[in-house]
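Peer 1: Got a structure for you, written out below as structure tokens; questions coming shortly.
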Amino acid sequence: MNVLVTGGAGFIGSNFVYHMLNKYPDYKIICVDCLTYAGNLSTLEEALKNPNFKFYKTDICDREAIYKIYEDEKPDVVVNFAAESHVDRSIENPEIFLKTNILGTQVMMDAARKFGNIRYHQVSTDEVYGDLPLDRPDLFFTETTPIHTSSPYSSSKAGADLLVMAYYRTYGLPVTISRCSNNYGPYHFPEKLIPLMIANALNDKPLPVYGEGLNVRDWLYVEDHCKAIDLIIHKGKIGEVYNVGGHNEMANIDIVKLICKKLNKPESLITHVTDRKGHDMRYAIDPTKIHNELGWLPETKFADGIDKTIEWYLNNKTWWETIISGEYMNYYEKMYGNR
Ligand code: NAD
Ligand code: DAU
């Protein structure tokens with residue numbers, strides 16, 4: 001089977017590439033990634049040595065180039081991870097989010113239609129459901145929860161999801177969508193909460209917690225997300241949405257305190273800074289459908305996953321130190337300098 005993976009040089013996409021190469025030695029994995037600030041070819045160093053792996057440095061919005069890749073590589077399945085993924089950046093500059101996340105998705109699906117109505121999977125997010133109140137722990141996002149977005153990022157992901165379902169209904173494109181909660185693990189770009197706090201703590205830098213830090217996220221180890229997508233592309237029902245999450249809700253402040261403890265750093269590094277605009281309060285996924293229909297269950301407990309993640313950042317300092325010493329420094333100053 002030929003699997004075309006977009007965004008494979010990013011956090012979840014690269015973990016998915018390795019998951020697929022290891023689990024299916026007879027599959028060919030074709031990766032398309034234009035290497036934005038979030039894409040890193042060194043992440044794919046091992047994959048590039050594998051004869052079953054092929055990499056294209058291509059923008060998913062580049063229709064001509066994408067059509068050529070479909071024509072040459074003849075994918076049986078397409079998994080679209082490529083996206084602008086950081087909420088804070090979307091608040092600063094929404095346009096690229098609309099372009100990549102919506103128009104890029106359109107190009108990928110047009111190509112899938114043109115070259116044989118190819119099986120298409122869209123990697124979406126729980127953020128399309130908006131947020132839940134802290135005082136209603138009984139509420140969870142299900143697949144029928146209405147779309148109700150807060151940020152330009154989540155709106156662009158929701159726009160893409162609507163387009164995917166429109167291509168299913170209008171053209172009969174064989175699609176599925178997964179909506180996952182917050183991932184953590186190896187190769188997570190250090191602009192996001194967990195890797196940012198690990199990197200700052202290791203450098204004895206302030207740990208910038210937005211507002212009071214009471215916002216809740218539902219954390220899932222990245223490998224479990226990859227396994228869920230693997231199941232969906234092999235056994236998922238066409239035209240369906242699957243929520244993915246492991247019932248692991250934690251307040252940001254508790255995550256940051258835990259990281260301090262694990263790294264033996266003082267909590268006095270924690271600095272409360274101005275809150276994110278439109279900050280979603282709580283995300284919480286109900287994964288009943290993917291469990292009942294496809295037998296998926298998360299395998300990594302948070303206590304183990306966070307240890308593995310911290311160990312990875314300790315053992316792979318060159319990977320993240322290279323990132324945070326480059327253009328990232330300007331980003332950091334702009335986002336956190338006067339916060
Ligand atoms: P990421 O920012 O780490 O990686 C995104 C990758 O896409 C990068 O390699 C980047 O170079 C590439 N890319 C961006 N624009 C592109 C374009 N126009 N053409 C080709 N490649 C392009 O993101 P991530 O955290 O790995 O997220 C991957 C997907 O999963 C996204 O669609 C995101 O919305 C979704 N998602 C993420 C999470 C999470 O917790 N990180 C949770 C649920 C869903
Ligand atoms: O829920 C899935 C989503 O999770 C994905 O769709 C997004 O692509 C992914 O980036 C993530 O979005 P969040 O906004 O939840 O993740 P982030 O790591 O940016 O922030 C997590 C929480 O931590 C959020 O409440 C904001 C807070 N935060 C974040 C940063 C970067 C801080 O308090 N301080 C920080 O410096």
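Peer 1: Name the single residue, out of those in segment 187-197 being under 12 Å from the mean Cα position of the chain (by Cα) and more than 6 Å from ligand 2 (Cβ to nearest atom), that is most open to solvent (accessible area, probe 1.4 Å).
Peer 2: My answer is Tyr187.
Peer 1: Filter segment 12-37 down to the residues that are open to solvent by 30 Å² or more (accessible area, probe 1.4 Å) and either touching a His at 6+ places or on another chain (Cβ under 8 Å) or among the hydrophobic types (A, V, I, L, M, F, W, C) (or both) and list them by number.
Peer 2: Of everything in segment 12-37, those that are open to solvent by 30 Å² or more (accessible area, probe 1.4 Å) and either touching a His at 6+ places or on another chain (Cβ under 8 Å) or among the hydrophobic types (A, V, I, L, M, F, W, C) (or both) turn out to be Ile12, Cys34, Leu35.
Peer 1: Touching a His at 6+ places or on another chain (Cβ under 9 Å), more than 10 Å from ligand 1 (Cβ to nearest atom) and not polar (S, T, N, Q): which single residue out of Ile233, Ile229 fits that description? Spell out the reasoning first.
Peer 2: On the way: Ile229 fails: more than 10 Å from ligand 1 (Cβ to nearest atom).
None of the other options fit; the residue is Ile233.
Peer 1: Also, quick follow-up: Could you list, ordered by first residue, the pairs with Cβ atoms under 6 Å in which the first is in segment 306-317 and farther than 14 Å from Glu223 by Cβ and the second is of a type in the set (Lys, Arg), at least 6 apart or interchain?
Peer 2: As it stands, the answer is Ile310/Lys262, since those pairs meet every condition given.
Peer 1: Among the residues of segment 254-269, are any over 22 Å from Ile306 (Cα atoms), open to solvent by 20 Å² or more (accessible area, probe 1.4 Å) and not in a helix (DSSP H, G or I)?
Peer 2: no
Peer 1: With (1) part of a helix (DSSP H, G or I); (2) within 12 Å of ligand 2 (Cβ to nearest atom); (3) modelled with pLDDT under 95 as the list, and Arg339 as the residue in question, which single condition is left unmet?
Peer 2: (1)
Peer 1: Take the conditions free of Cβ contacts under 8 Å to residues at least 24 places away in the same chain, in a loop (DSSP other than H, G, I, E, B) and either away from ligand 2 (no atom under 16 Å from the Cβ) or not hydrophobic (A, V, I, L, M, F, W, C) (or both) and apply them to Pro51. Does it pass?
Peer 2: Details: free of Cβ contacts under 8 Å to residues at least 24 places away in the same chain: yes; in a loop (DSSP other than H, G, I, E, B): yes; either away from ligand 2 (no atom under 16 Å from the Cβ) or not hydrophobic (A, V, I, L, M, F, W, C) (or both): yes.
Spelling it out, Pro51 is indeed free of Cβ contacts under 8 Å to residues at least 24 places away in the same chain, in a loop (DSSP other than H, G, I, E, B) and either away from ligand 2 (no atom under 16 Å from the Cβ) or not hydrophobic (A, V, I, L, M, F, W, C) (or both).
Peer 1: Among the residues of segment 6-47, which ones are part of a helix (DSSP H, G or I), under 21 Å from His121 (Cα atoms) and more than 16 Å from ligand 2 (Cβ to nearest atom)?
Peer 2: Val17, Tyr18, His19, Met20, Leu21, Asn22, Lys23
Peer 1: Right, here's the next one. Evaluate the following for Asn15: is it within 9 Å of ligand 1 (Cβ to nearest atom) and in contact with a Cys (Cβ under 6 Å, 6 or more places away or on another chain)?
Peer 2: Values: within 9 Å of ligand 1 (Cβ to nearest atom): yes; in contact with a Cys (Cβ under 6 Å, 6 or more places away or on another chain): yes.
Yes.
Peer 1: Just the residues that are under 19 Å from Asn316 (Cβ atoms) and open to solvent by 50 Å² or more (accessible area, probe 1.4 Å), please, taken from segment 38-57. Please lay out each step first, then the result.
Peer 2: Narrowing segment 38-57 to residues under 19 Å from Asn316 (Cβ atoms): 38-49.
Of everything in segment 38-57, those that are under 19 Å from Asn316 (Cβ atoms) and open to solvent by 50 Å² or more (accessible area, probe 1.4 Å) turn out to be Leu41, Ser42, Glu45, Glu46, Leu48, Lys49.
Peer 1: Can I ask one more? So is Ile66 assigned to a helix (DSSP H, G or I), under 30 Å from Tyr336 (Cα atoms), among the hydrophobic types (A, V, I, L, M, F, W, C) and in contact with a helix residue (DSSP H, G or I) (Cβ under 9 Å, 6 or more places away or on another chain) or not?
Peer 2: No, not satisfied.
Peer 1: Give the number of residues within segment 205-245 that are open to solvent by 10 Å² or more (accessible area, probe 1.4 Å) and either charged (D, E, K, R) or part of a helix (DSSP H, G or I) (or both).
Peer 2: Result for segment 205-245: 11.
Peer 1: Which of the numbered conditions does Ile229 fail, given that it passes all the others? Conditions: (1) within 16 Å of the chain's Cα centre (by Cα); (2) farther than 16 Å from Tyr120 by Cβ.
Peer 2: Every condition holds for Ile229 apart from (2).
Peer 1: Name the one entry in Arg179, Arg169 that is open to solvent by 20 Å² or more (accessible area, probe 1.4 Å) and under 30 Å from Pro75 (Cα atoms).
Peer 2: Arg169
Peer 1: Only residues that are assigned to a loop (DSSP other than H, G, I, E, B) and closer than 18 Å to Val241 by Cβ: list them for segment 140-151, please.
Peer 2: Phe140, Thr142, Glu143, Thr144, Thr145, Pro146, Ile147, His148, Thr149, listed by residue number.
Peer 1: Criterion first (more than 20 Å from the chain's Cα centre (by Cα) and open to solvent by 60 Å² or more (accessible area, probe 1.4 Å)) does Lys277 satisfy it?
Peer 2: yes
Peer 1: A follow-up question, please. Tell me which residues, restricted to segment 90-108, are in contact (Cβ under 8 Å) with a residue 40 or more places away in the chain and either of a type in the set (Val, Ile, Thr) or buried (at least 21 other Cβ atoms within 10 Å of the Cβ) (or both).
Peer 2: Within segment 90-108, Ser90, Ile91, Phe97, Thr100, Asn101, Ile102, Gly104, Thr105, Val107, Met108 qualify.
Peer 1: Looking for something of a type in the set (Asp, Glu), open to solvent by 80 Å² or more (accessible area, probe 1.4 Å) and in contact with a Cys (Cβ under 7 Å, 6 or more places away or on another chain) - is there at least one such residue anywhere in segment 306-317?
Peer 2: no
The values are calculated or read from the model by the stated rules, or taken from the named source; none is laboratory data. These figures come from a predicted structure and were not determined experimentally. Note that each Cβ is placed from the backbone with ideal geometry, even for glycine, and that neighbours are counted across all protein chains shown. The accessibility values were calculated without ligands, DNA or RNA, using every heavy atom of the protein model including side chains. Shrake-Rupley method; radii C 1.70, N 1.55, O 1.52, S 1.80 Å.
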